[in-house]
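The values are calculated or read from the model by the stated rules, or taken from the named source; none is laboratory data. Note that this is a predicted model, so its numbers are computed, not measured. Cβ placement follows ideal geometry from the backbone for every residue including glycine, while neighbour counts extend to all protein chains displayed.
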Amino acid sequence: MAQQLIHAYRQAPWRIQIQRIGVFMVILVIAAVMSGLYLFVSAQTAQAAIELRNFKADIANSQHNASDLSTQLANLTSAEALQERAAKLGYVPYRAEEANYMVIPGYYGRRVLVSAPAPGSQPLPQPLVKPAYTQSLWEWMVDSFEIWTESSSAGGT
């Protein structure tokens with residue numbers, strides 16, 4: 001009877017081979033999927049690195065162009081360049097003896113706007129810390145102990 005049970009549940013050799021081939025194929029498919037996923041992530045990382053390098057090159061070019069433009073602006077606004085352009089336009093240097101001043105009735109010049117009081121014109125503000133909070137913990141404990149001993153000695157006599 002036991003022999004019949006073992007024989008009934010025993011697999012045929014071709015079934016065992018098919019199971020082994022199936023397990024091997026499952027492992028092979030899992031390895032292929034993992035390899036494909038790894039290649040996909042690697043390609044995305046490489047593409048991001050290339051884009052980052054291109055962006056950094058664009059930033060460097062923009063900074064270079066900005067510094068070139070700053071240099072050109074400094075050259076155009078230098079004292080020598082401005083004097084040369086003014087001379088071409090017919091301007092002459094200012095001389096104090098040639099100045100003409102006009103008196104305009106009713107105009108008394110700019111008024112000085114005072115937005116803050118003069119130093120010392122107002123009293124100093126009161127301190128923000130209350131005097132009760134300026135005592136150290138040790139001083140408070142000593143004072144409390146003295147008050148306690150006075151009250152206990154006064155009550156005991």
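Data for the structure
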quantity	calculated
Lone qualifier among Glu51, Glu80 - being among the charged types (D, E, K, R) and within 39 Å of the chain's Cα centre (by Cα)	Glu51
Segment 60-86 residues that are free of Cβ contacts under 8 Å to residues at least 24 places away in the same chain and assigned to a helix (DSSP H, G or I), paired with ones that are surrounded by fewer than 10 Cβ atoms within 10 Å (Cβ to Cβ) and not polar (S, T, N, Q) (beta carbon under 9 Å, 6 or more apart)	Gln83/Pro93; Ala86/Val92; Ala86/Pro93
Some residue of segment 71-91 being exposed (fewer than 10 other Cβ atoms within 10 Å of the Cβ) and among the basic types (Lys, Arg)	yes
Which listed residue is part of a helix (DSSP H, G or I), under 30 Å from Glu80 (Cα atoms) and modelled with pLDDT of 80 or more, from Glu97, Glu150	Glu97
